[in-house]
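So the structure is just underneath, and the comments pick up after that.
The values are calculated or read from the model by the stated rules, or taken from the named source; none is laboratory data. Since the structure is predicted, the reported quantities are computational estimates derived from the model, not experimental observations. All Cβ positions, even for glycine, are placed from backbone atoms using ideal geometry, and neighbour counts span all protein chains on display. For accessibility, only protein heavy atoms count, side chains too; no ligands or nucleic acids. Shrake-Rupley method; radii C 1.70, N 1.55, O 1.52, S 1.80 Å.
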Amino acid sequence: MPRLAIRTGSKVEFQDITPRVQELVTLSGVKSGVCCIFVPHTTAAVTVNEHADPSVVRDVAQRLDYLVPQRGDYCHLEGNAPAHIKASLVGSSETLLIDGGRLLLGTWQGIFFCEFDGPRSRTVLIKIMPDRPGDKPLS
Amino acid sequence: MPRLAIRTGSKVEFQDITPRVQELVTLSGVKSGVCCIFVPHTTAAVTVNEHADPSVVRDVAQRLDYLVPQRGDYCHLEGNAPAHIKASLVGSSETLLIDGGRLLLGTWQGIFFCEFDGPRSRTVLIKIMPDRPGDKPLS
Amino acid sequence: MPRLAIRTGSKVEFQDITPRVQELVTLSGVKSGVCCIFVPHTTAAVTVNEHADPSVVRDVAQRLDYLVPQRGDYCHLEGNAPAHIKASLVGSSETLLIDGGRLLLGTWQGIFFCEFDGPRSRTVLIKIMPDRPGDKPLS
């Protein structure tokens, strides 16, 4: 099972992992299928958004901070309740499509690992599922 | 790779694409598997919600407008930062199940393309993955 | 098509379905692949979050109540507009990975059925897709 090791450097951080995921797709030899991305953490998530202008994901992160503020009347006592809530709002899995050996992303789209309780060492799991019998699955 | 061409007519619009996705499932000949829907845009999304009463998705759209208002202190200078933020909240992919050649949707469920920065010409990518060797993948 | 029957006991409730989903994976005999979870309801959802401390999902539920309050200026007249809106924010599908016959979840992660308009009888659909030709699909 391919996985990406990720090191985040701040409390909240959106890290562009697009080239690393594409590299795994290329290595897999799968030409047509889907690429499932799964974040095995409860205070992080994965999203697809614009990666041409870095201010876009800064806006996403800041609006999430506003909607789920760090200080609040939370039950969970470890101080990271907002990170857990953001994880459920953004989601821990994303399914991308593969065609011609390439991730099918729009012109401006990139895949972002979303750190909500860093800095930490994190992992992202990648599953590449071929739809053609001839292709070999990467696992 | 099957895709839907979509034309949206206003800034924010939830367009019911259920019959069009089902048509592609039928054309594919796949009886059992999954149907992955992917939106290759950074200011649009896909969601599943009630399509019997159109006021439901109007409420979803209006609450998103309230949570992520058009005017705000955003970094991204193109004026569509809220559309990007909504895209990450709703999500750019959805995985549906297929059985007996039909999308497995609940009684009230429909699939909606969510426009957050229209009007525009848009595309939705559809990947139909069979789980039975005999079924042919549509790609 | 395997499905889980769920009985919720209150208006809003996050029910941990991890052991039940793992049981279906085990029964399927699939060693490597993906497990797609789909909620065929428009006022419920599925999410992955911490299940070690039950206060985490209580915080998620309470923040959603705050962001989408029960009383508000909604168009949908059945009184459950907030439940529909929460369903689109959290999402009706989640794709998990399987390796060695086990769901690949992080140490603290569990799968939660999210009830937003209970108490009700609900269903969760599970699709287990093998990536190896030798594995048999469960359907």
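Would you pick out the residues in segment A:9-30 that are under 23 Å from C:G106 (Cα atoms) and open to solvent by 10 Å² or more (accessible area, probe 1.4 Å)?
A:G9, A:S10, A:K11, A:V12, A:E13, A:F14, A:Q15, A:D16, A:T18, A:R20, A:L24
List the number of the failed condition for B:A81; all other conditions in (1) more than 13 Å from chain C (Cβ to nearest Cβ); (2) of a type outside the set (D, E, K, R); (3) in contact (Cβ under 8 Å) with a residue 24 or more places away in the chain; (4) touching a helix residue (DSSP H, G or I) at 6+ places or on another chain (Cβ under 9 Å) hold.
B:A81 satisfies every listed condition except (3).
Scan segment B:63-74 and give yes if some residue there is in contact with a strand residue (DSSP E or B) (Cβ under 9 Å, 6 or more places away or on another chain) and more than 7 Å from every other protein chain (Cβ to nearest Cβ), otherwise no.
Keep residues of segment B:63-74 that are in contact with a strand residue (DSSP E or B) (Cβ under 9 Å, 6 or more places away or on another chain), which gives B:64.
Subset that is more than 7 Å from every other protein chain (Cβ to nearest Cβ): B:64.
Looking for residues that are in contact with a strand residue (DSSP E or B) (Cβ under 9 Å, 6 or more places away or on another chain) and more than 7 Å from every other protein chain (Cβ to nearest Cβ), one finds at least one in segment B:63-74, hence yes.
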